[in-house]
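The values are calculated or read from the model by the stated rules, or taken from the named source; none is laboratory data. Everything numeric in this text was worked out from a predicted model, so none of it was measured. Neighbour counts are summed over all protein chains in view; Cβ atoms, including those assigned to glycine, are modelled from backbone coordinates with ideal geometry. Each accessible area value is taken on the protein alone, full model and side chains, heavy atoms only, with ligands, DNA and RNA left out. Shrake-Rupley method; radii C 1.70, N 1.55, O 1.52, S 1.80 Å.
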Amino acid sequence: MFSIGDFAQYGRVSARMLRHYDAIGLLCPARTDPVTGYRFYEAAQLARLNRIIALKDLGFSLQQVGAILAEEVSVPELRGMLRLRRAELEATLTAAGERLAQVEARLRSIESEGHMSADDVVVKPTGTVLLAELSGIAASYGPEDIGPVIQPLYAELCARLEAAGVTPAGPGLAYYEAVYEAVPGDYEGDYEDVPGDRGASGGHGGEPGGRTDVPAGRTDVPAGHADVQGSAAAAAAVAAAVGDEPGYESGYEPGPGAVVVHAGLTVTAEALTRAGARCGGTGAPATGTPTATGLGFDVVALPGLECAATVVHRGPMSRILPTAQNLAHWIDANGYRSAGYARELYLECPPDQEKWVTEIQEPVVRAAPEKP
């Protein structure tokens, strides 16, 4: 038998905690002296104490702990419960870390307001690029929604390209389209644009997944986004994300501000031909419409931007907000206006994200002069 003080020492808890556990019937002493009221414990009770502390530390209330122990949960069952709870806490910690990164990005944006030099921005056209791609739906253009969608898309795309024997030929690009909402009552396909809440800053902070030795970035559609209905892959992505609903033909609106995410990697027509792509390796015309290859991914000839305000961002995408917002200030101050989502082209993306080099490409047009 151990006194309450000795038992508390072995269990690495306080005597006060043991008295509380006794009071609520969670861990009663093996014997209580009827004269002095002193509590005494047996070594075998350390096993129950360990279970109580483990469950409590994992976030269960004492009432829940009591219910779990009352069911005489076996060690394998308890281990499974603890693993599940640990996974939940790890997910919460990851989400908190992502929110913290966004807070830090906002603070950096505030600190760097007005610090971008005119020399940092280059206005130029961009060229057409041939992409192998996979598509998905994100609830919004925000980092909390884009990241969880684009990362697995890139991981899967890399795996499918490798299986097809197609090696990426250049940086990765991802572009976005607004989801078009089907209007009830018009089965002929009357659609409304549901714009994303992208603002002028661009940059959502969701890093692409997949192999770290393949540059993987995100770009956007050029001015005048292609209609989602024009892309079979995008329409399929919408349908897969939201399912069927009576009264609509296709493209059902999954939520305000939702976007179609196209995760792409640069490829060559020759590589597609060698792999036996159904499209003959030439890809689709430069209209931004993806075409199925029969290899588990689509191919698209993404048109270039006629005029883009570009700036280089260094570091992880979680810290892109200050750069993107400074670019927005430059655009406004120099007589331009945005013509679409900002493109993000990954020039370098080694395993250490601190060494990533990203070019933001904001499609722009000259702003109309204000009327006096």
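Working only within region 326-337, note down all residues that are open to solvent by 50 Å² or more (accessible area, probe 1.4 Å) and in contact with an Asp or Glu (Cβ under 8 Å, 6 or more places away or on another chain).
H329
Of everything in region 136-148, what is open to solvent by less than 30 Å² (accessible area, probe 1.4 Å) and either among the hydroxyl-bearing types (S, T, Y) or in a helix (DSSP H, G or I) (or both)? Give them in sequence order.
The answer is S140, Y141, I146, G147.
May I ask you to list the residues in region 26-74 that are open to solvent by 40 Å² or more (accessible area, probe 1.4 Å), of a type in the set (G, A, S), farther than 17 Å from F7 by Cα and in contact (Cβ under 8 Å) with a residue 12 or more places away in the chain?
Within region 26-74, G59 is the sole residue that qualifies.
Looking at (1) in contact with an Asp or Glu (Cβ under 8 Å, 6 or more places away or on another chain); (2) more than 21 Å from P152 (Cβ to Cβ); (3) modelled with pLDDT of 75 or more, which is the one condition that is false for T268?
(1)
Exactly one of these conditions fails for L305: (1) at pLDDT below 80; (2) closer than 15 Å to Y341 by Cβ; (3) not polar (S, T, N, Q). Give me its number.
With (1) at pLDDT below 80; (2) closer than 15 Å to Y341 by Cβ; (3) not polar (S, T, N, Q) applied to L305, the lone miss is (1).
For (1) of a type in the set (D, E); (2) without any contact (Cβ under 8 Å) to a residue 40 or more places away in the chain; (3) open to solvent by less than 40 Å² (accessible area, probe 1.4 Å); (4) in a strand (DSSP E or B), each residue gets a yes or a no:
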site: L295; (1), (2), (3), (4): no, no, no, no
site: V300; (1), (2), (3), (4): no, no, yes, yes
site: V311; (1), (2), (3), (4): no, no, yes, yes
site: P322; (1), (2), (3), (4): no, no, yes, no
site: E344; (1), (2), (3), (4): yes, no, yes, yes
site: E354; (1), (2), (3), (4): yes, yes, no, no
site: I360; (1), (2), (3), (4): no, no, yes, yes
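Go through region 153-173 and give me each residue that's of a type outside the set (S, T, N, Q) and open to solvent by 50 Å² or more (accessible area, probe 1.4 Å).
The answer is E156, A159, R160, E162, A163, G165, A169.
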